[in-house]
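Shown next, in structure tokens, is the structure this report addresses.
Bear in mind that the values in this text are calculations on the coordinates, not laboratory data. The shown structure was predicted, so the numbers you read here are calculated from the model rather than taken from an experiment. Every residue, glycine among them, receives a Cβ derived from its backbone with ideal geometry; neighbour counts consider all protein chains shown.
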Amino acid sequence: MTATLQAGIREDLRGSRLRKIRNQGGVPAVVYGKAIESSPITVEEVALIKTLRENGRNGVIKLDVSGKQTEVMVTDIQVDPIKNFIVHVDFYAVDMKKELDANVPVQLIGEPVGVQNGGVLQQSLYEISVRALPNELPESIEIDVSGLEINDSMQVKDLMVGANYQINNDPEESVLSILTPTEEPDEPEAAGAGEEGEDGDVEVIGESEADSTEEEKKEE
């Protein structure tokens, strides 16, 4: 069942007004899409966090803006790195009949036999890009690693692919390997290095972020 999140329209975009919204437990946001005009809105932070926990980072949300409902997905969340509160959110109005791309986290299941025997697990891929209809996007890609021995490895082509989505990554891309005890694992690349947004961000095919979002963030 699609979760519903209440939102209100923002008409005053001044920085002082945005600070007041946050001080009152709200989150400034914007909703945009191909078929709708970009609109500044506000949502309650507690309700937003609860919705994301229950619905998943890539889940479809029914955004209720003053009585008008639109099916959306979160495309960007800006978080204050020091105080750890949500600064701003972007919602994209999705077409439920059109596929889109999303980064889905990799979830390892079990402990490899090779690790139990002294090997070292090196994971080189923490997210996988998939393409599917909005309601068919998986919350994560689960990989059972319990049977892997020392010197075993997995590539994208070794993963089980769901019937309702396809994987966009290069089939030869390494996912993980079990190193011998004498090998030193490579330093993993920082998650999201060189990319904007957060883990699990949805990349809508052929779409760019609303201009109003960028202007508003500069204002803040």
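Just the residues that are touching a residue at least 24 places away in the same chain (Cβ under 8 Å), outside any loop (DSSP other than H, G, I, E, B) and over 13 Å from Val27 (Cβ atoms), please, taken from segment 59-97. Before you say what the answer is, go through the steps one by one.
Here is the first cut: in segment 59-97, the ones touching a residue at least 24 places away in the same chain (Cβ under 8 Å) are 59-66, 69-79, 85-97.
Next, from what is left, pick out any that are outside any loop (DSSP other than H, G, I, E, B): 61-65, 69-79, 86-93.
Within segment 59-97, Ile61, Lys62, Asp64, Val65, Gln69, Thr70, Glu71, Val72, Met73, Thr75, Tyr92, Ala93 qualify.
State the number of residues belonging to segment 23-58 that are assigned to a loop (DSSP other than H, G, I, E, B) and either of a type outside the set (A, V, I, L, M, F, W, C) or surrounded by 17 or more Cβ atoms within 10 Å (Cβ to Cβ) (or both). Let's see the steps before the verdict.
Let us first name the residues in segment 23-58 that are assigned to a loop (DSSP other than H, G, I, E, B), namely 24-25, 33-38, 56-58.
With either of a type outside the set (A, V, I, L, M, F, W, C) or surrounded by 17 or more Cβ atoms within 10 Å (Cβ to Cβ) (or both) added as a condition, the list becomes 24-25, 33-34, 37-38, 56-58.
Of the residues in that region, 9 qualify.
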Positions within segment 130-173 being touching a helix residue (DSSP H, G or I) at 6+ places or on another chain (Cβ under 8 Å), hydrophobic (A, V, I, L, M, F, W, C) and either more than 27 Å from Gly59 (Cβ to Cβ) or touching a residue at least 40 places away in the same chain (Cβ under 8 Å) (or both), in sequence order: Leu148, Ile150
Answer residue from segment 99-129, given it is free of Cβ contacts under 8 Å to residues at least 40 places away in the same chain and more than 18 Å from the chain's Cα centre (by Cα) and is surrounded by the most Cβ atoms within 10 Å (Cβ to Cβ) among those: Val113
Residues within segment 12-53 that are on the phi > 0 side of the Ramachandran plot and aromatic (Phe, Trp, Tyr), tallied: 0
